[in-house]
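Before I ask anything, let me first share the structure, which is written out below as structure tokens.
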Amino acid sequence: HKKRIQHSMPEIPDLEIFAKNLAKRFIGKRLEKVEVKVPARLNISPEELKAALEGCQLKKITRQGKTLLFEFDKDKVLGLHLMLHGEIRLLEKDLEVKFVILELHFEGDEGFALTDFQRRATPTFNPEKSKVPDAMSKEMTVAYLKQILSTKRMQIKQALLDQKLIRGIGNAYVDEILWAARISPFSISKAIPEERIKTLHKAIKDVLQKAIKHIQKEHPDQLSGEIRDFLKIHNPKVKKSPEGAEIMVDKKGSRRTYYTKEQELFQNETG
């Protein structure tokens, strides 16, 4: 059963699985040593990070938007944002890990590294809490979605990708969500009728939850990469939607949008 991993930024389903798998391994363990190899990405000095975290016990690993949060005792938090090519790599004896940004060594000779050949993955000590709701959070209500879309003349795909409006959804899953809601990615946000915003809200939660379940079942130990081979629409290997409509691809720069004619285009604000 081969993993097909494409290079694009990990999205909510991938990160949820990373968090669960890291939690299984590291929760309750004491952090013995922090090594920062690329200090430029960190918001404090490596010495301050060492002083703050070494000797602390890891209590919890959660995800907010596209950031993994490692919560230690004494209310200390380390946020890791993988950016486009960042990965979490387990540190194993005699195994060389390349492109390391930082390493966390826990008791019992266990540890992991944040790596990125582009050196953009970002560790942040005590990151500020964002006021923007995460796509999976209870704050991401129908009312909130309606409120943010009702004023936006931008295309719905752009709005859903905007991390200042909703956090955590990326390119691949926006296409899946919009197909599930049968809304064209080129619809103008404020032209989408209220009933369809409810459908869209449900699609956001459903698509992401189903993806998390699928990845957990098929790739239970995943700690890096993005698993996309099961996607119905945003998938270069698939030519037709589950209902048989031809999948079309729109390219803008390096971003591709996959969609079908089954999705309704809303452009006039009267509905």
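Go through region 120-135 and give me each residue that's open to solvent by less than 50 Å² (accessible area, probe 1.4 Å) and within 18 Å of K164 (Cβ to Cβ).
Passing the criteria: T122, T124, P127, V132, P133, D134, A135.
List, please: which pairs have Cβ atoms under 7 Å, are six or more places apart or on different chains, and start with a residue in region 139-166 that is within 16 Å of K202 (Cα to Cα) and end with one that is charged (D, E, K, R)?
Qualifying pairs under 7 Å: M140/D134; V142/K198; K146/E194; L149/K190.
Considering only region 175-214, state which residues are farther than 27 Å from K251 by Cβ and of a type in the set (A, V, I, L, M, F, W, C).
Listed by number, the residues that qualify are I197, I212.
D109 - would you say it is free of Cβ contacts under 8 Å to residues at least 60 places away in the same chain, out of contact with any Asp or Glu (no Cβ under 6 Å at 6 or more places or on another chain) and among the charged types (D, E, K, R)?
yes
Could you list, in sequence order, all residues of region 166-210 that are assigned to a loop (DSSP other than H, G, I, E, B) and either of a type in the set (K, R) or farther than 29 Å from L84 by Cβ (or both)?
R182, I192, P193
Going through region 112-128 one residue at a time, which ones are without any contact (Cβ under 8 Å) to a residue 40 or more places away in the chain and either more than 17 Å from the chain's Cα centre (by Cα) or more than 19 Å from E48 (Cα to Cα) (or both)?
Within region 112-128, A113, T115, D116, F117, Q118, E128 meet the criteria.
Moving on. Could you list, in sequence order, all residues of region 231-252 that are open to solvent by less than 80 Å² (accessible area, probe 1.4 Å) and more than 17 Å from the chain's Cα centre (by Cα)?
Scanning region 231-252 gives I233, N235, P236, V238, S241, P242, G244, A245, I247, M248, V249, D250.
Assess whether S254 counts as being free of Cβ contacts under 8 Å to residues at least 12 places away in the same chain and farther than 24 Å from Y144 by Cβ.
For S254, the condition - free of Cβ contacts under 8 Å to residues at least 12 places away in the same chain and farther than 24 Å from Y144 by Cβ - is met.
Evaluate the following for V238: is it among the β-branched types (V, I, T), farther than 15 Å from E16 by Cβ and assigned to a strand (DSSP E or B)?
When the stated conditions are applied, V238 does not pass them.
Yes/no matrix, rows are residues, columns are (1) buried (at least 23 other Cβ atoms within 10 Å of the Cβ); (2) under 19 Å from S130 (Cβ atoms); (3) at pLDDT 95 or above:
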| site | (1), (2), (3) |
| --- | --- |
| V142 | no, no, yes |
| I148 | no, yes, yes |
| T151 | no, no, no |
| L161 | no, yes, yes |
| L178 | yes, no, yes |
| R182 | no, no, yes |
| F186 | no, no, yes |
| I192 | yes, no, yes |
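Next up: Hey, can you tell me all the residues within region 196-227 that are free of Cβ contacts under 8 Å to residues at least 40 places away in the same chain and of a type in the set (D, E, K, R)?
Matches in region 196-227: K202, D206, K210, K213, K217.
When the residues of region 54-100 are narrowed to those that are in contact with a Leu (Cβ under 8 Å, 6 or more places away or on another chain) and polar (S, T, N, Q), which ends up nearest to I212 (Cα to Cα)?
Top of the filtered list is T62.
Oh, and also: State all residues of region 211-227 that are open to solvent by less than 40 Å² (accessible area, probe 1.4 Å) and part of a loop (DSSP other than H, G, I, E, B); if no residue qualifies, say none.
Within region 211-227, H219, Q222, L223, S224, G225, E226 qualify.
The values are calculated or read from the model by the stated rules, or taken from the named source; none is laboratory data. Since the model is a prediction, treat every value here as computed from it, not as a measurement. Cβ atoms come from the backbone with ideal geometry, glycine included; neighbour counts cover every protein chain shown. We work out accessible area using only protein heavy atoms, side chains counted, and drop any ligands, DNA or RNA first. Shrake-Rupley method; radii C 1.70, N 1.55, O 1.52, S 1.80 Å.
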